[in-house]
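As structure tokens, the structure follows; a few thoughts come after it.
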Amino acid sequence: MRTDRGSWGKVISGGLIFGGAAAFVSLAGMVEALGVREIVIGVIDLGRLLLLLIGLGAGYQAARRGIGGALTALARGLLAGAAAGVGLSALLVLASVVNLRGMFINASPTLLEIISFGRGTAGVPLVIAAGAVAGALGAVATLLPGAVRGPLGAGVTVTIVVGLFQELLQIILQEGGIRSAIRQFIFVPEGLPPRGALGVFLVVLVVSAVWRSRQPVVRGWILKRPPPQQRLVRLLGLLLAVAVALLLPLAGGLFISQVLVLVGLYTLMGLGLNLEVGFAGLLDLGFVAFFAIGAYTVGLLTSTGQYGIAHWSFWAAMPVALVVSLIAGFLFGLPILRIRGDYLAIATLGFGEIIRLLALSEALRPWFGGSQGVLFVPKPIIGGFEFSGPAQIYYITLASSVLIAFVAARLRDSRLGRAWMAMREDEDVAEAMGINLVNVKLLAYGIGGAFAGMGGAIFAVLLGSIFPHSFSLLISINVLALIIVGGMGSLPGVVVGSLFLVGLPELLREFSDFRFLVYGAALIIMMQVKPEGLWPAAMVRRELHKEEPVGVVAEEPAAVERVEA
Amino acid sequence: MQRSFWQRLSIINTYLWAFRLSVLLVVVWGSLGTFQAGCRSALTICDFKSKYAPNVWLDLLVFGLSQGSVYALIALGYTMVYGILRMINFAHGDVFMAGAYTAFYLAAAFGRSGFLNRSPLISLAAVLALAMITATAIALILERVAYRPLRRAPRLVPLISAIGASFFLEYAFRGFFGSGFQAYPEWQIFTGEWVIAGIGILRTQAVVIVASVLLMAALYTFVMRTKTGTAMRAVSEDLEVASLMGIDVDRVIVITFGIGGAAAGAAGVLYALVFKQVHFFMGFFPGIKAFTAAVLGGIGNIPGAMIGGLFLGIFESVGPILFLEGLRVPGIYPTGIPAPYQLKDVIAFTMLVMVLIFRPSGILGERLATKKA
């Protein structure tokens with residue numbers, strides 16, 4: 001009996017934690033700011049959706065942890081959701097007693113109206129009831145069989161995504177017979193109406209259900225083909241991806257291409273840092289320095305302004321930028337060869353900051369322009385065609401990303417790549433096996449730096465000017481975060497990571513204030529739930545899932561120690 | 001057989017020596033130049049006088065001491081946590097910010113009601129207490145949520161979690177309190193100077209130095225004299241053996257985070273006394289500097305953190321003028337480096353990098369072998 005009561009107590013305290021989270025996102029301003037974006041017109045906006053998701057989550061986790069039948073699970077979800085509602089109501093009551101606004105700038109009347117359904121403190125029972133309903137719904141989700149839950153979840157998710165990106169989708173679907181027909185079917189000019197939402201939901205539901213039942217058949221069919229044909233299927237998939245990548249800026253317009261260029265630049269940097277951290281295990285928090293060096297090299301060599309020294313073309317300057325950042329990587333790596341682990345992270349952070357501060361300083365102003373930066377960096381021109389804007393520069397970024405990814409993949413499978421990975425697992429053992437740690441480490445810094453330098457070179461022509469403020473520590477941390485979220489040591493992971501951490505926040509402009517808040521939470525949660533990342537490298541995946549029979553690799557005891565620096 | 005000097009001299013060693021020598025050159029040449037600003041060339045000895053009067057140097061020194069004692073207080077948290085968990089608590093600087101920022105609202109309320117100047121010592125104590133309580137609470141939550149589940153994970157994992165926590169705290173406070181600077185109220189009795197033995201010292205700086213010395217002394221006594229302190233030292237010596245001896249390691253870790261948080265919270269208020277404003281990002285750079293101080297003194301070593309902090313503070317305040325302002329390079333900087341104060345962080349970071357490269361065990365530390373680093 002006591003254990004039972006204890007477990008119910010846990011349900012309530014768990015629910016209260018979710019309620020606290022709801023109060024937190026409200027006070028941090030997310031609910032109100034995100035409330036501007038309507039998901040389904042007249043039904044729900046993003047801020048309310050966030051609160052609803054927290055309620056669902058409270059019920060979901062409470063129902064999943066418990067033992068007992070369906071009814072118990074439902075009761076647990078109901079209780080946890082109600083507790084979350086109580087937690088959020090506490091904020092309402094508190095706000096009616098004291099003036100929270102003196103301290104919390106976001107505790108505005110609008111926020112309280114959103115939370116209390118417009119009723120002030122009288123809305124408290126309603127909030128609790130709404131929490132309970134959401135919690136019960138969350139509990140129901142745990143009870144459904146996978147064949148129902150999967151398509152249902154897909155339908156809801158896709159509907160939310162469509163509502164979230166309605167502006168963008170409307171632009172893409174602007175013209176052309178079939179495209180505008182789809183647009184008129186789903187959207188009204190102001191956004192996604194309930195009718196369209198229902199349509200999207202039903203279509204995705206059916207498609208997902210059909211795919212779910214057919215998927216094993218299709219998979220089996222592909223696996224039964226002879227290897228050359230299998231490769232053909234994979235090649236077709238790749239070609240499709242390339243075609244989408246090529247056509248996206250044409251369909252999406254200026255804004256999309258701007259976002260895509262940024263994603264591309266971060267992918268370039270991510271590939272470089274991935275080489276240092278993911279392959280070689282050298283944690284580098286000053287990575288932005290190479291990006292800056294690449295940018296300044298191109299800027300100084302090509303600028304037609306005051307600080308330009310050569311007036312070269314971009315195409316001549318870019319290889320120089322690559323070489324300069326390669327050399328910078330060597331010079332940067334030399335003194336810190338003997339530093340390991342956390343100390344390495346801090347030393348590199350120090351280096352990165354020194355570079356930025358020097359570029360910013362008055363002392364080096366005659367060469368680097370100080371805080372005013374280097375201006376008038378001309379756009380690249382090829383045979384009369386000027387890469388004048390993001391839509392054109394996107395193709396340079398894409399081409400260099402593909403090239404660099406190819407180089408990185410070849411390096412990974414080369415002798416050097418093997419040496420890096422051996423070093424990552426254990427430096428001393430690697431040295432004993434005859435690996436020359438000095439050369440191997442320097443090459444990791446140098447090549448990684450060169451990749452980032454390439455990104456910097458493109459960045460310089462993208463903006464047309466270079467400011468030292470663009471090279472803050474936040475960039476290094478962004479890049480690190482994206483390779484961790486994507487999956488350390490995994491090349492597709494870098495692309496996935498930069499789409500999620502760079503592309504998504506750029507698309508959700510209202511989100512930009514909360515970008516780093518979400519980042520921080522995502523990093524903490526990620527490290528506990530999925531430390532291997534969203535798209536882990538094949539080897540890491542094998543290591544972390546030992547139960548799958550995959551031969552010798554799985555037997556290594558180093559399962560979790562793979563990222564040990 | 002001992003190889004000869006030239007045989008041992010590899011490229012790396014040459015490079016490291018060149019690095020050392022160039023830093024040394026800057027320091028010596030710059031200091032010489034500063035003290036002979038009146039002379040035509042840096043090498044002629046004239047009357048060996050700088051263009052600054054002795055009391056300017058003294059002011060800089062006191063400023064450095066007050067800044068350094070704040071660094072030292074923050075560094076204690078880094079050093080204790082590192083000593084026990086071998087982990088850089090990257091979010092510690094933000095714990096410092098959280099303490100200062102929350103206490104700001106109490107101080108502002110006191111300021112509005114006039115209580116601030118009616119009973120200045122009580123109000124300062126109350127503000128300090130609130131900052132310490134908040135910072136402790138946040139440090140404990142941090143430990144529970146972000147670090148404890150990862151205690152057995154590979155080392156990179158908690159570090160990344162800590163980076164995440166740092167961002168989360170910064171931007172949570174930004175969301176709560178806004179992104180602007182908030183002016184900390186001033187205590188009237190702490191404005192102006194006290195004249196001690198004919199030397200004028202800014203009152204705020206004296207208060208900061210005295211308060212942090214008292215706090216550090218209390219902390220040191222706690223760690224050296226009490227049973228809990230002994231347990232802390234035992235755990236940092238060897239976690240597993242300590243747990244075999246019946247020490248509750250979890251409890252010790254929680255206490256360590258708590259004390260570190262309290263010291264950081266107090267440091268936050270003292271920092272705000274000197275700089276008179278708070279901001280959601282204010283913890284980041286002092287945090288890194290304090291980590292530098294901890295490394296400088298020998299990480300894991302409590303007196304080391306204090307000495308490292310003072311050292312760093314003084315270098316930072318005196319360094320730009322002493323080393324850089326008089327750094328005359330013929331043809332480029334005929335009158336020394338312009339705006340040397342901009343480069344004070346460069347001095348701090350150069351010190352950090354040099355300590356990490358050349359003496360990772362720090363000034364006082366000898367315990368940290370390469371294995372632990």
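Scanning segment A:412-436 for residues being within 34 Å of the chain's Cα centre (by Cα) and not in a helix (DSSP H, G or I) gives a total of 3.
With respect to the conditions (1) of a type outside the set (Lys, Arg); (2) open to solvent by 20 Å² or more (accessible area, probe 1.4 Å); (3) more than 20 Å from the chain's Cα centre (by Cα), A:LEU474 lacks only one, and its number is (3). Restricting the search to segment A:40-66, which residues are among the β-branched types (Val, Ile, Thr) and surrounded by fewer than 22 Cβ atoms within 10 Å (Cβ to Cβ)? Within segment A:40-66, A:ILE41, A:VAL43, A:ILE44 qualify.
Within segment A:298-311, the set of residues being in contact with a helix residue (DSSP H, G or I) (Cβ under 7 Å, 6 or more places away or on another chain) and touching a residue at least 60 places away in the same chain (Cβ under 8 Å) comprises A:VAL298, A:GLY299, A:THR302, A:TYR307, A:GLY308.
As a summary of the residue check, B:GLU143 satisfies the conditions (1) touching a residue at least 24 places away in the same chain (Cβ under 8 Å); (2) in a helix (DSSP H, G or I); (3) within 24 Å of A:ILE105 (Cβ to Cβ) except for the one numbered (3). Does A:PHE314 fit the bill of being crowded, with 24+ Cβ neighbours inside 10 Å and either in contact (Cβ under 8 Å) with a residue 40 or more places away in the chain or not small (Gly, Ala, Ser) (or both)? The answer is no for A:PHE314. Within segment A:521-540, residues that are more than 11 Å from every other protein chain (Cβ to nearest Cβ) reach partners that are at pLDDT below 80 and surrounded by fewer than 17 Cβ atoms within 10 Å (Cβ to Cβ) with beta carbons closer than 8 Å, at six or more positions or on different chains, in the pairs A:PRO536/A:LEU544; A:MET539/A:VAL553. Is it the case that some residue within segment B:122-132 is buried (at least 23 other Cβ atoms within 10 Å of the Cβ), within 14 Å of chain A (Cβ to nearest Cβ) and in contact with a helix residue (DSSP H, G or I) (Cβ under 7 Å, 6 or more places away or on another chain)? Checked segment B:122-132: no residue is buried (at least 23 other Cβ atoms within 10 Å of the Cβ), within 14 Å of chain A (Cβ to nearest Cβ) and in contact with a helix residue (DSSP H, G or I) (Cβ under 7 Å, 6 or more places away or on another chain).
Just one of the listed residues (A:VAL244, A:VAL263) is closer than 23 Å to A:TRP535 by Cβ and touching a helix residue (DSSP H, G or I) at 6+ places or on another chain (Cβ under 6 Å), namely A:VAL263. Filtering A:LEU78, A:LEU71 for residues that are open to solvent by 60 Å² or more (accessible area, probe 1.4 Å) and without any contact (Cβ under 8 Å) to a residue 40 or more places away in the chain leaves a single hit, A:LEU71. Residues of segment A:22-54 that are without any contact (Cβ under 8 Å) to a residue 40 or more places away in the chain and within 14 Å of another protein chain (Cβ to nearest Cβ): A:PHE24, A:VAL25, A:LEU50.
Take the conditions in contact with a Lys or Arg (Cβ under 7 Å, 6 or more places away or on another chain) and aliphatic (A, V, I, L, M) and apply them to A:VAL461. Does it pass? So A:VAL461 fits the description; yes. None of A:ALA345, A:ALA321 is within 14 Å of chain B (Cβ to nearest Cβ), crowded, with 19+ Cβ neighbours inside 10 Å and aliphatic (A, V, I, L, M) except A:ALA345. Before we move on, is B:PHE291 among the aromatic types (Phe, Trp, Tyr), touching a residue at least 60 places away in the same chain (Cβ under 8 Å) and closer than 29 Å to B:ILE133 by Cβ? It is true that B:PHE291 is among the aromatic types (Phe, Trp, Tyr), touching a residue at least 60 places away in the same chain (Cβ under 8 Å) and closer than 29 Å to B:ILE133 by Cβ. What about A:GLY370, is it away from every other protein chain (no Cβ under 14 Å) and more than 30 Å from B:GLY298 (Cα to Cα)? Spelling it out, it is not the case that A:GLY370 is away from every other protein chain (no Cβ under 14 Å) and more than 30 Å from B:GLY298 (Cα to Cα). Regarding segment B:183-190, can at least one residue be identified that is touching an Asp or Glu at 6+ places or on another chain (Cβ under 7 Å), more than 8 Å from every other protein chain (Cβ to nearest Cβ) and open to solvent by 70 Å² or more (accessible area, probe 1.4 Å)? No. Restricting the first member to segment A:407-422 and to residues that are open to solvent by 40 Å² or more (accessible area, probe 1.4 Å), and the second to residues that are of a type in the set (Phe, Trp, Tyr), the beta-carbon pairs closer than 8 Å and six or more apart or on different chains are A:ARG412/A:PHE279. The helices (runs of 4 or more DSSP H) falling completely within segment B:51-127 that include 1 or more residues that are at negative phi and in contact with a strand residue (DSSP E or B) (Cβ under 7 Å, 6 or more places away or on another chain) map to B:54-85, B:92-113. Here the condition is being in a helix (DSSP H, G or I), buried (at least 17 other Cβ atoms within 10 Å of the Cβ), aliphatic (A, V, I, L, M) and within 14 Å of another protein chain (Cβ to nearest Cβ); of B:LEU312, B:LEU327, it holds for B:LEU312 alone. Taken over segment A:80-99, residues that are in a helix (DSSP H, G or I) and more than 34 Å from the chain's Cα centre (by Cα) amount to 5. I need a count of the residues in segment B:274-295 that are open to solvent by 10 Å² or more (accessible area, probe 1.4 Å) and of a type in the set (A, V, I, L, M). Residues in segment B:274-295 being open to solvent by 10 Å² or more (accessible area, probe 1.4 Å) and of a type in the set (A, V, I, L, M): 3 in total. Give segment B:148-169 a look and list any residue that's within 7 Å of chain A (Cβ to nearest Cβ) and basic (Lys, Arg), or say none. Answer for segment B:148-169, where residues must be within 7 Å of chain A (Cβ to nearest Cβ) and basic (Lys, Arg): just B:ARG155.
Of everything in segment A:101-127 that is touching a residue at least 40 places away in the same chain (Cβ under 8 Å) and not in a helix (DSSP H, G or I), the residue that is surrounded by the fewest Cβ atoms within 10 Å (Cβ to Cβ) is A:SER108. Listed by first and then second residue, the pairs with beta-carbon distance under 8 Å, at least 6 apart or on different chains, first residue in segment A:277-288 and closer than 16 Å to A:GLU353 by Cα, second assigned to a loop (DSSP other than H, G, I, E, B) and open to solvent by 10 Å² or more (accessible area, probe 1.4 Å), are A:LEU283/A:ALA565; A:VAL288/A:SER472.
The values are calculated or read from the model by the stated rules, or taken from the named source; none is laboratory data. Keep in mind that what you see is a predicted model, and the values were worked out from it rather than measured. Glycine also receives a Cβ, built like all others from the backbone with ideal geometry; neighbour counts cover every protein chain displayed. Quick note on the areas: whole protein, heavy atoms, side chains included, nothing else; ligands and nucleic acids left out. Shrake-Rupley method; radii C 1.70, N 1.55, O 1.52, S 1.80 Å.
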